[in-house]
Structure formats: C-alpha cells, structure tokens
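The structure appears right after this line, and notes come after that.
The values are calculated or read from the model by the stated rules, or taken from the named source; none is laboratory data. Computed from a predicted model, the values in this text were never measured in an experiment. When we count neighbours, we look across all protein chains shown, and the Cβ atoms used for this are built from the backbone with ideal geometry, even at glycine. Side chains are part of the model used for accessible areas, which takes the heavy atoms of the whole protein and leaves out ligands, DNA and RNA. Shrake-Rupley method; radii C 1.70, N 1.55, O 1.52, S 1.80 Å.
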Amino acid sequence: MSIDEYLTDCQFSEYHEIEIQRSPEIVFPIIKTVKFTKSKIINFLFIIRGLPRGMQSLKGFMDNGFILLDVKKNEGLVLGFLFGRKGIKIVSPDAFKQFNAKGYIKCVWNFKLSGRQDATLLSTETRVFCTCKASKFFFSIYWFFIAYFSGLTRVIILKLIKQEAEAAS
C-alpha cells in the first residue's frame with residue numbers, strides 16, 4: 001500500500017508525522033474513528049471553509065466524496081478525491097489511478113504507520129495534482145490561502161490520534 005500507487009506527480013503537497021507510544025495495532029483503529037472536531041481549531045476551520053458537519057472523521061470525509069483507495073490493517077490507508085467544475089467525481093480505485101480528465105483536481109491523502117519497538121511513527125501526506133493549467137491556476141489561489149490551515153489541521157489530527165492512542169490501555 002502506497003500513496004505513490006495513486007499519485008506520484010503533484011504540484012502541491014504536505015507531509016507531517018508524529019511518534020506515538022503505542023503499537024500500530026492500537027493506533028490504526030483510532031485513525032478511522034477519531035473525531036476531528038474535538039479540536040476547537042479544526043471545528044472553527046471546518047465551519048469557515050463551509051465543510052459539511054458530517055466531515056468530523058475519515059468516515060465523514062468518505063460520506064462526502066472521498067474515495068477509500070486502499071487500506072491495510074495496522075499499516076495505513078489512502079483516500080482520494082476528484083473535484084472539477086461539475087463537482088465531485090466518484091470512481092473506483094483502479095479508475096482513480098488512471099484518471100486524467102482535464103479540469104480536475106486530483107487529491108490523495110494518506111495515513112501511514114511504521115512500527116518501532118513500543119512505538120509507532122504515524123505520518124500523513126497530502127498530494128494534489130491539477131490536470132490542466134486552468135485547474136492549477138484556480139487551485140494555486142485556493143492553496144495560497146488555505147495551505148497553512150491545511151497543515152495545521154493535519155498536525156492537530158495527528159495529535160488527536162496520539163492523545164487517544166496513548167490514553168488507551
């Protein structure tokens with residue numbers, strides 16, 4: 001399972017990681033269930049971005065257009081998202097790999113776990129590829145304003161997962 005399998009070339013990306021003093025077996029299920037809006041900052045950012053209230057967890061993201069591209073228990077998962085002028089496009093994971101229709105933004109977001117003795121290195125990476133000059137231009141403007149907050153959101157999500165995992169027995 002690799003984010004590279006779904007998107008290697010990108011124009012925009014970000015990467016964050018955190019060490020958690022628990023095994024991947026404890027951390028992995030928390031990734032799928034942690035409520036992002038436990039953070040007042042994330043809750044506020046989601047409200048001002050106009051995201052649906054249901055987008056409080058990974059399941060909420062999948063219910064609102066993100067595609068579960070790959071999942072390997074205790075190793076990680078990859079989500080994908082396609083957005084164009086006509087809105088969100090849902091495709092199969094295989095179709096996502098090949099997708100290159102003009103006018104779209106192709107995004108992948110992963111969580112990867114690497115076990116280390118009694119700890120887990122949890123990382124998250126987001127990559128965005130714009131399929132034409134126009135989509136790249138418009139996404140560049142969006143990214144200029146949102147990049148810092150996107151990174152902040154992901155760092156907080158990692159901290160929320162760490163808190164829950166380290167509180168688990």
(request) Give me the pairs, please: first residue somewhere in region 87-108 and under 12 Å from GLY65 (Cβ atoms) and open to solvent by less than 30 Å² (accessible area, probe 1.4 Å), second residue anywhere and aliphatic (A, V, I, L, M) and in a loop (DSSP other than H, G, I, E, B), beta-carbon distance under 9 Å, and either six or more positions apart or on two chains. (result) CYS107/LEU7
(message) Quick check on my filter: what residues within region 65-84 are in contact with a Gly (Cβ under 6 Å, 6 or more places away or on another chain) and surrounded by fewer than 20 Cβ atoms within 10 Å (Cβ to Cβ)?
(response) GLY84
(message) Can you tell me which of (1) of a type in the set (Val, Ile, Thr); (2) in contact with an Asp or Glu (Cβ under 9 Å, 6 or more places away or on another chain); (3) part of a helix (DSSP H, G or I) is the one VAL78 doesn't meet?
(response) (3)
(request) Look through region 127-140, keep the residues that are open to solvent by less than 20 Å² (accessible area, probe 1.4 Å) and in contact with a helix residue (DSSP H, G or I) (Cβ under 7 Å, 6 or more places away or on another chain), and return whichever of them is nearest to GLY80 (Cα to Cα). (result) VAL128
(message) For region 17-40, check the following and say yes or no: at least one residue is open to solvent by 70 Å² or more (accessible area, probe 1.4 Å), under 30 Å from LYS133 (Cβ atoms) and of a type outside the set (Gly, Ala, Ser).
(response) no
(request) Look at THR124 and say whether it is farther than 21 Å from ILE48 by Cβ, open to solvent by less than 20 Å² (accessible area, probe 1.4 Å) and in contact with a His (Cβ under 6 Å, 6 or more places away or on another chain). (result) yes
(message) What pairs come out if I take residues in region 36-55 that are closer than 14 Å to ILE146 by Cβ and pair them with residues that are aromatic (Phe, Trp, Tyr) and open to solvent by 50 Å² or more (accessible area, probe 1.4 Å) whose C-beta lies under 7 Å away, six or more apart or interchain?
(response) LEU45/PHE149
(message) Would you confirm, using the coordinates I've provided, whether PHE149 is without any contact (Cβ under 8 Å) to a residue 40 or more places away in the chain, within 23 Å of THR37 (Cβ to Cβ), in a helix (DSSP H, G or I) and open to solvent by 60 Å² or more (accessible area, probe 1.4 Å)?
(response) no
(request) Determine whether PHE96 is aromatic (Phe, Trp, Tyr) and within 14 Å of PHE129 (Cβ to Cβ). (result) yes
(request) From the list GLU14, GLU5, pick out the single residue that is touching a Gly at 6+ places or on another chain (Cβ under 7 Å), on the phi < 0 side of the Ramachandran plot and at pLDDT 90 or above. (result) GLU14
(request) Output the qualifying pairs, or none if there are none: Cβ atoms under 8 angstrom, residues six or more apart or on different chains, first residue in region 60-73 and on the phi > 0 side of the Ramachandran plot, second residue open to solvent by 10 Å² or more (accessible area, probe 1.4 Å) and in a strand (DSSP E or B). (result) GLY65/PHE81; GLY65/PHE83; GLY65/ILE88
(request) Evaluate region 13-22: report whether one residue or more is out of contact with any strand residue (DSSP E or B) (no Cβ under 7 Å at 6 or more places or on another chain) and not charged (D, E, K, R). (result) no
